[in-house]
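Peer 1: I'd like to ask you about the structure that follows.
The numbers here are math on the coordinates, done by the rules we state, and not lab data. On a predicted model such as this, the values are computed, not experimentally measured, just so you know. Cβ sites come from the backbone with ideal geometry, for glycine too, and all protein chains shown count toward neighbours.
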Amino acid sequence: MFGRVHIPALDGATEWLNSEPLGPADLRGHVVLVNFWTRTCINWLRQEPYVRAWSRAYRDDGLVVIGVHTPEFSFEREIDGIGQAIKEREIDYPVVVDNDYDVWSAFDNHYWPALYFIDDGIIRDHQFGEGRYEQSERTIQRLLGVQRELVSVEGLGVEAPADWNHLQTPETYLGYGRSERFSSADGVAFDERRVYELPERLHVNHWSLDGEWTIGRENVVPHQAGGSIAYRFHARDAHVVLSSRSQKPIPFRLLLDGGAPGPSHGVDVDKDGNGELRNGGLYQLVREHDAVRDRTLQITFLEPGAEAYAFTFG
């Protein structure tokens, strides 16, 4: 519990969406739930159905939900992309655009997602990361002074809960600033074009490149059509965070253990493994329809211009 820590000011916001700027006077007399998020974070995507449901279920009781979008990757600063995420996730509560990290710093926050429960201007509790949904909703009810059945929530698509019992592969960043477990028989070069070849065998939780790529601090970029990324993983779901330097959609193809994914395709590819990079965001490549086991995915970009940032799993 935070005790007597007062809610920091929100005046460091770059912009407000879905609302005019809200100050202390606007929030007085309300219970406030502040939710830090970034639009490509799979952990936030799986939490968001609950936050959305709480906002709607307790709005008339005095709850105000404020989403604070603080970008993890540089392309997430684009207002159009944030607006698209708000539309796709059907977010109807106020959203603070925190591109300069002022609100993040004012809260001394360190996590996506993060929830701060506020009453009478004082932070009463918090939740970092996914989970503890029943406890969080009970906290909202206690602060509002209401007691009733908890809301029913069903996350669909990328919002579905992870298969924690079979999840053995961690989030993996591709840019050299935070990269781990890159496999290359011929070494690696940073911030310069280089041709890579996939190894004959990838160990679980390792990844590699094929074709001409530049490995930058934040992402990896193919320079020619046919550039591939391979990853050996153990999870029900596999996602990749992508952005584009092209004005046109970039087609890509997914192979799973060397063949079409079939019924194990994710929401952003079809059963033959065909997908299209249109906007920067998180793309679900795999949702295993059968027993979870070690598998190798390979995503090949059929035109240049893609930027790949991270793999996440569920």
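Peer 1: Search the stretch 15-56 for residues being more than 17 Å from the chain's Cα centre (by Cα) and of a type in the set (Phe, Trp, Tyr), and hand back the single one that is surrounded by the most Cβ atoms within 10 Å (Cβ to Cβ).
Peer 2: Taking the stretch 15-56 as the starting set, the residues that turn out to be more than 17 Å from the chain's Cα centre (by Cα) are 15-34, 53-56.
Filter once more, so that each one left must be of a type in the set (Phe, Trp, Tyr): 16, 54.
On the way: TRP16: 15, TRP54: 24.
The qualifying residue surrounded by the most Cβ atoms within 10 Å (Cβ to Cβ) is TRP54.
Peer 1: All but one of (1) outside any strand (DSSP E or B); (2) more than 19 Å from the chain's Cα centre (by Cα); (3) touching a residue at least 12 places away in the same chain (Cβ under 8 Å) hold for LEU297; state the number of the condition that does not hold.
Peer 2: Only one criterion is unmet by LEU297, namely (1).
Peer 1: Provide a single number: the residues in the stretch 284-294 that are closer than 21 Å to LEU174 by Cα and free of Cβ contacts under 8 Å to residues at least 60 places away in the same chain.
Peer 2: Summing the residues that are closer than 21 Å to LEU174 by Cα and free of Cβ contacts under 8 Å to residues at least 60 places away in the same chain in the stretch 284-294 gives 2.
Peer 1: Give the stretch 114-163 a look and list any residue that's β-branched (Val, Ile, Thr) and farther than 22 Å from ASP237 by Cα, or say none.
Peer 2: Initial filter on the stretch 114-163 (β-branched (Val, Ile, Thr)): 118, 122-123, 139-140, 146, 151, 153, 158.
Listed by number, the residues that qualify are ILE118, ILE122, ILE123, THR139, ILE140, VAL146, VAL151.
Peer 1: Restricting attention to the stretch 95-148, which residues are in contact (Cβ under 8 Å) with a residue 24 or more places away in the chain and of a type in the set (Asp, Glu)?
Peer 2: ASP98, ASP100, ASP102, ASP119, ASP125, GLU130, GLU137
Peer 1: Among the residues of the stretch 3-21, write down those that are touching a strand residue (DSSP E or B) at 6+ places or on another chain (Cβ under 7 Å) and among the hydrophobic types (A, V, I, L, M, F, W, C).
Peer 2: Across the stretch 3-21, the qualifying residues are VAL5, ILE7, LEU10, ALA13, TRP16, LEU17.
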